[in-house]
Amino acid sequence: MRVLVVGSGAREHALCLSLAADPAVTALICAPGNAGTMSIAEHRRLAVSDPAAVAALATEVRADLVVIGPEAPLVAGAADAVRAAGIACFGPSRQAAQLEGSKAFAKDVMAAAGVPTARAAVCETAEQVEAALAEFGPPYVVKDDGLAAGKGVVVTSDRGQAAAHAAACGRVLVEEYLDGPEVSLFCVTDGVSVLPLLPAQDYKRIGDGDTGPNTGGMGAYAPLDWLPAGAVEQVVAEVARPTVDEMRRRGTPFAGLLYVGLAMTAAGPRVIEFNARFGDPETQVVLALLESSLAGLLHAAATGTLAEHSPLRWRAGAAVTVVIAAANYPGTPRLDDAIRGADLPGVIHAGTRRDGDGVLRSAGGRVLSATAVGDTLAEARDAAYRLVAGIELAGSQHRTDIAAAAVAQQAAR
């Protein structure tokens, strides 16, 4: 099949790597792509948040399947436009993508579906925020109701900081804090059937030891051997399937990738958030371990035939990815610095470009993801950090503790 991937980040590079290696894919187009996707996919210019432009390009390149990576085009209705053009699309409709586009909407769906999640209050005034902060107490959790590129959440014991974040956002959710390790579970769905992928864990804060502000994600690893037996099945039964059923009941079926962000609390799994697409950087490690045809899986979800799909096959071992970010990220990043050492296998591009002389340069906050697999988590982690050590980018920053606690836990056993 001919596949069009929409987006320009590390998630899209990881998707393209898997699709390019898939014998079912006869042509691969990425729009607009980045310096990493150039060598494996045909590039096209595209205003990704313009649904009509996405559908027009899909028609022009005669795509059999369109895979929409980022959240913005999904919330804008790009998947609707592609499907209206008669082309299979992996990604939810504009209405269904509100599961990510509005945290208040997601809470309403969870309440109707009986999904376990944190108590929350939707606040639009300073008085409502103060009342909610007083009710839930510290640590304070304040979430921008709309899209915020993974950086709209503040978790703090400083009430003033929590109130200031709420004031800067406008409409927010103030939630009770959920205590427990976080887990990301990707669930592929065609609106009826639900097929979970491997669980992963990502690292949101910029600094070692989970310090500093939230980012779009600074690293991840998979699988999670510390999860209790049956945890994935429990999340599918208690969270993913009821949510998919509720969306279908509302007449807005969710077909695509339901990203379930969880806290594994003492009382069981609780939903922190939903996303409507593959997450970054978890996609890098999950797809690194997938042996089944990615094109076949996404096409089945896009065409309502997921129930007929064969069980997924996974590579033994583990995968780790470490994000290399530009100076000043997650603030306004420094751009256009030259990058060296990024042409090795396993280096996945995010914010990169080639200048007129062919020099690789930084073009975003998160620049690269050094991704490696190994027979053990320790081997995968060591290999990922060897990749990091070989990359030169002035002023760059990365965490040094990705998967470290999990490796230590394994060693202790």
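Worth a mention:
- Most mobile listed residue (E12, E233, E379) in the chain, GNM with C-alpha springs under 10 Å: E233
- Segment 33-158 - percent of accessible surface contributed by carbon and sulfur, probe 1.4 Å: 52 percent
- As a fraction of the 1.4 Å probe accessible area of segment 234-285, surface on carbon and sulfur atoms comes out at 48 percent.
- For the chain, the pair-distance distribution built from all alpha carbon pairs, in bins 20 Å wide starting at 0, is 28, 61, 11 percent.
- FRET E, pair A27, S292, Förster distance 22 Å, beta-carbon r, rounded to 0.05: 0.60
- From helices alone, the chain scores -8500 deg cm²/dmol at 222 nm; the rule is -39500 (n - 2.57) for each run of n ≥ 4 DSSP H residues, then divide by the residue total.
- Summarising the label geometry, the points placed 7 Å from Cα in the beta-carbon direction at S39 and T303 lie 3.2 nm from one another.
- Cα lying deepest toward the dipole's positive end in the chain, options A79, A307, V367, charges on Cβ: A79
- Placing +1 on the Cβ of every Lys and Arg and -1 on the Cβ of every Asp and Glu, with no other charges, gives the chain a dipole of roughly 520 debye about its Cα centre.
- 17 Å reach of a label modelled at Q409, 7 Å along Cα-to-Cβ, counting backbone N of segment 294-328: 318-321
- Using C-alpha pairs under 8 Å with a sequence gap of at least 6, the mean separation divided by the residue count of segment 1-107 gives a relative contact order of 24 percent.
- Å² per residue, accessible surface of the chain at 1.4 Å: 38 Å²
- Residue with peak Gaussian network fluctuation, the chain [Cα springs, cutoff 10 Å], from S157, S184, S18: S157
- Antiparallel bridge percentage (DSSP; both residues within the chain; nearest 5): 80 percent
- Two-site label geometry, R62 and A229: point separation in nm, points 7 Å out along Cα→Cβ: 5.3 nm
- Extension gain for the segment D158 to D210, taken as residue separation times 0.36 nm less the Cα-Cα distance, is 17.1 nm to one decimal.
The values are calculated or read from the model by the stated rules, or taken from the named source; none is laboratory data. For clarity, every value in this text was computed on a predicted model and none was experimentally measured. When we count neighbours, we look across all protein chains shown, and the Cβ atoms used for this are built from the backbone with ideal geometry, even at glycine. What goes into the accessible areas is simple: the full protein's heavy atoms, side chains included, and nothing from ligands, DNA or RNA. Shrake-Rupley method; radii C 1.70, N 1.55, O 1.52, S 1.80 Å.
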